[in-house]
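Read through the structure below, which is laid out as structure tokens, and then see the notes.
The values are calculated or read from the model by the stated rules, or taken from the named source; none is laboratory data. Since we're looking at a predicted model, the values are computed, not measured. All Cβ positions, glycine included, derive from the backbone under ideal geometry; neighbour counts span all protein chains shown. For accessibility, only protein heavy atoms count, side chains too; no ligands or nucleic acids. Shrake-Rupley method; radii C 1.70, N 1.55, O 1.52, S 1.80 Å.
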Amino acid sequence: MRKGHAGDTVDLPPGLRHLPGHLDARTRRLLLAEVMARVERAGWFQPVMPKSGRPFSVRMCNFGRLGWISDVRGYRYSATHPDSGRPWPSIPAPLLELWRELAAYPHPPECCLVNHYRPGARLGLHQDRDEEELAAPILSVSLGCAAWFRIGGLRRRDPARRLLLEPGDVLIMGGPSRLIYHGIDRILPGTGEPVPGEGRINLTLRRVTRPAPAQSSPPRRWSVE
Ligand code: MD3
Ligand code: FE
């Protein structure tokens, strides 16, 4: 669907797929309910910048075996919530299904990072490179209000363009796009559909570790028996 502005797919860097409105309203509602039930159980945490300790304007939670966290010691993946020390809730099944359908990667995601943008929150230009497995894409799902997404290139100073992300949009960043600089300039409160606590919820599915190479069966003559 053409939107008649800088968000047109023709402008997108190779390896980045934008699927506007991929999730219908009913699917978004069911997914949001599964997400919020887990977040209520685990609790949000407030990431802070390494060294400075300055808080992000976005609050976060994670699902899956590994969660992305940031504190004064740095960015990393952790098996437990930084406040409670408990393991993260499981990744909702509809998200695992979406990954199977769209990721073109043979192993499941290990992390679903949940970002909550309240009015005024933003996310500065950055690369996602804390994952060991860069062959896997990152898959993102937008819920709640719309937001202006900024997409640059592989170097911080490369020219950037904006893309409007709306509820139900799916973005897949793989191959040559996996390490591009990106961020959220601002959200558009009051657009889209309400989420608890207002604003916008973004889910990103990530493969963190490199899977062990598949074991081929040994030559017959080496088998015991
Ligand atoms: C392009 N989140 O969590 S999702 C993040 O809307 C993050 O909350 C934004 O950037 C958000 O790290 C953007 C889209 C996205 C996510 C990861 C990418 C785009 C990406 C990784 C590489 C290139
Ligand atoms: Fe990112």
Study note, to complete from the structure: FRET efficiency (Ala93, Arg122; Cβ distance; R0 22 Å; to 0.05) is 0.10
Check your understanding: Label-point separation (nm) for Arg29 and Leu188, each offset 7 Å from Cα along Cα-to-Cβ?
Key -> 2.3
Check your understanding: Where a ≥ b ≥ c are the square roots of the eigenvalues of the C-alpha gyration tensor, would you call segment 8-70 rounded, which needs a/c under 1.5, or, failing that, prolate if a/b is larger than b/c, or oblate?
Key -> oblate
Point to revise | Residue among Gln46, Gln127, Gln215 with the largest mean-square fluctuation in a Gaussian network model of the chain, springs linking Cα atoms under 10 Å | key: Gln215
Practice item. Quick one: among Glu34, Glu193, Glu101, which has the greatest mean-square fluctuation in a GNM of the chain with alpha-carbon springs under 10 angstrom? Key: Glu101
Practice item. With a point put 7 Å past each Cα toward its Cβ, work out how far Tyr75 is from Glu198 in nm, to one decimal. Key: 2.8
Exercise for review: Give a residue-ordered list of calculated ³J(HN,Hα) values for segment 35-43 (Karplus: 6.51 cos²θ - 1.76 cosθ + 1.60, θ = phi - 60°; whole Hz; x for Gly, Pro).
Suggested key: 5, 5, 4, 5, 5, 5, 6, 7, x
Check your understanding: So, in nm, how far is label Leu179 from label His107 when the simple model puts each one 7 Å beyond its Cα toward the Cβ?
Key -> 1.9
Review point. Carbon and sulfur atoms: what percent of the 1.4 Å accessible area of segment 2-209 do they account for?
Key: 53
**Study point:** Rounded FRET efficiency, nearest 0.05, which uses the C-beta distance separating Ser216 from Trp44 and R0 of 41 Å
**Key:** 0.35
Review point. So how do 183-189, 141-147 stack up, highest first, on mean other-Cβ count within 10 Å?
Key: 141-147, 183-189
